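Encoded as structure tokens, the structure appears first; notes follow it.
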Amino acid sequence: MQIYGIIGHPISHSLSPALHNWAFKKLGYKDKVYIAWDIIPENLERFLQNLDIFQVKGLSVTIPHKQNILSFAQKISPLAQKIQAANTLVCHNGIWLAENTDVYGFIQPLQQLNMKLQSALILGAGGASLAVIYGLKKLKINKIYISNRTMSKARQLAKNLGLKEISWENKEKLRPDILINTTPLGMSGKWQNKIPWNADLKGIKVVYDIIYNPNPTLLLKQAKKFNCTTISGLEMFIYQAQQQFKLFTGQTFSFYDALNYLNTNTFQRK
Ligand code: NAP
């Protein structure tokens with residue numbers, strides 16, 4: 001049996017075990033299983049040192065380990081190196097490689113839109129915002145604003161990565177072509193009835209909420225009322241998992257089959 005899994009803290013909300021186990025079954029891998037491990041930062045090193053004993057071949061990595069995981073990897077992809085964060089650790093010929101598939105996951109739905117977008121506003125300046133910034137730059141959207149509750153973090157990112165910062169209180173004055181939420185406001189649980197944008201959405205072409213549960217979030221419901229094109233975090237989630245699965249197995253699964261599976265089997269039960 002080959003073991004794969006996700007490490008993070010907290011981890012109970014993760015859809016990754018459902019998705020990867022569905023994909024293993026769908027593609028006929030009877031010898032692979034995917035597990036969720038709740039690992040606190042103090043236990044990360046000890047956990048990683050013992051992977052070979054348990055036949056672990058690949059890991060998805062989430063909050064709060066995306067940065068610290070790099071020091072464990074024997075090889076770091078140029079992308080993970082550039083962003084200084086990885087969401088995947090995979091063992092190839094005995095060598096542990098750290099990779100970042102969040103950027104791929106983020107840009108795929110945008111590439112399919114085939115719209116000309118020139119300006120962006122990112123809400124939030126945490127770990128996920130780094131993949132978003134890099135993705136926007138890859139798509140040649142060069143006018144990027146960032147706004148964060150803690151202004152100093154947005155300012156630091158703006159300074160380091162050539163963005164413009166705008167205060168959390170004034171952000172609604174901007175009308176970017178694309179608005180991206182990377183804060184947890186709107187996420188299931190205590191934030192579900194919150195929205196990170198306190199104004200109308202007139203003039204904004206695309207609203208992308210990287211939260212994947214609930215789907216749609218309050219922000220996306222609001223965006224639909226203003227006829228904005230909307231993208232859900234569920235799309236990003238499936239695409240990042242698709243690339244991760246390819247690193248784990250060399251094979252890929254259908255985006256639409258995965259979407260259908262998650263919509264009918266995972267969200268309906270909640
Ligand atoms: P993080 O590193 O903890 O950053 C969270 C960000 O949200 C920080 O900028 C924080 O601001 C801000 N924030 C937190 N609470 C807030 C509040 N009450 N009001 C305003 N701002 C608030 O988290 P992350 O790794 O960036 O992840 C953020 C979200 O992205 C999560 O919901 C996660 O599930 C989602 N995500 C989705 C995918 C996907 O595949 N769809 C992938 C990665 C992440 P401060 O700096 O002021 O604390």
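Once you charge only the Cβ atoms, +1 for Lys and Arg and -1 for Asp and Glu, what is the size of the charge dipole of the chain about its Cα centre, to the nearest 20 debye?
On the way: 32 positive and 15 negative charges, 160 e Å.
With Lys and Arg at +1 and Asp and Glu at -1, about 760 debye.
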field: Selected from 162, 251, 263, residue furthest toward positive end of dipole (the chain; charges at beta carbon)
entry: 162
Lysine-lysine proximity count for segment 190-270, Cα under 29 Å, sequence distance 8 or more or distinct chains: 22
query: So how do 177, 38, 209 rank on accessible area, 1.4 Å probe, biggest first, that is with the largest at the start?
result: 38, 177, 209
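Pairs of Cα atoms under 8 Å, at least six residues apart: use those to get the relative contact order of segment 133-270, whole percent. Let's see the in-between values first.
On the way: 176 pairs, mean separation 19.8, N = 138.
Relative contact order for segment 133-270 comes out at 14 percent.
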field: Computed FRET value (nearest 0.05) for residue 40 with residue 81, which takes r as the C-beta separation and R₀ as 30 Å
entry: 0.70
- line: Label model pair residue 1, residue 33: point-to-point distance (7 angstrom along the Cα→beta-carbon line) in nm is 0.2
field: Cα long-axis angle, helix 127-138 against the chain (0 to 90 degrees, to the nearest 10)
entry: 70
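Just the C-alpha atoms of the chain: what Rg/Rh do they give, with Rh taken as the Kirkwood radius?
On the way: Rg = 18.5 Å, Rh = 19.2 Å.
That ratio equals 0.96.
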query: Just the Cα atoms of segment 1-155, one point each, no solvent: what log10 I(q)/I(0) does Debye give at q = 0.11, 0.19 Å⁻¹?
result: -0.50, -1.24
- prompt: Could you give the semi-axes, largest first, of the ellipsoid that matches segment 180-270, computed as the square roots of 5 times the alpha carbon gyration tensor eigenvalues and rounded to whole Å?
  reply: 26, 15, 12
query: Can you give me the relative contact order of the chain as a percent, contacts being Cα pairs under 8 Å and 6 or more apart?
result: 15
statement: Computed on Cα atoms only, the convex hull of segment 114-246 has an orientation-averaged projected area in nm² of 8.1
- prompt: PRE reach from residue 95 (point 7 Å along Cα→Cβ): which of segment 69-87 fall under 16 Å by backbone N?
  reply: 72-81
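The values are calculated or read from the model by the stated rules, or taken from the named source; none is laboratory data. For clarity, every value in this text was computed on a predicted model and none was experimentally measured. Glycine also receives a Cβ, built like all others from the backbone with ideal geometry; neighbour counts cover every protein chain displayed. SASA here: full protein model, heavy atoms, side chains in, ligands and nucleic acids out. Shrake-Rupley method; radii C 1.70, N 1.55, O 1.52, S 1.80 Å.
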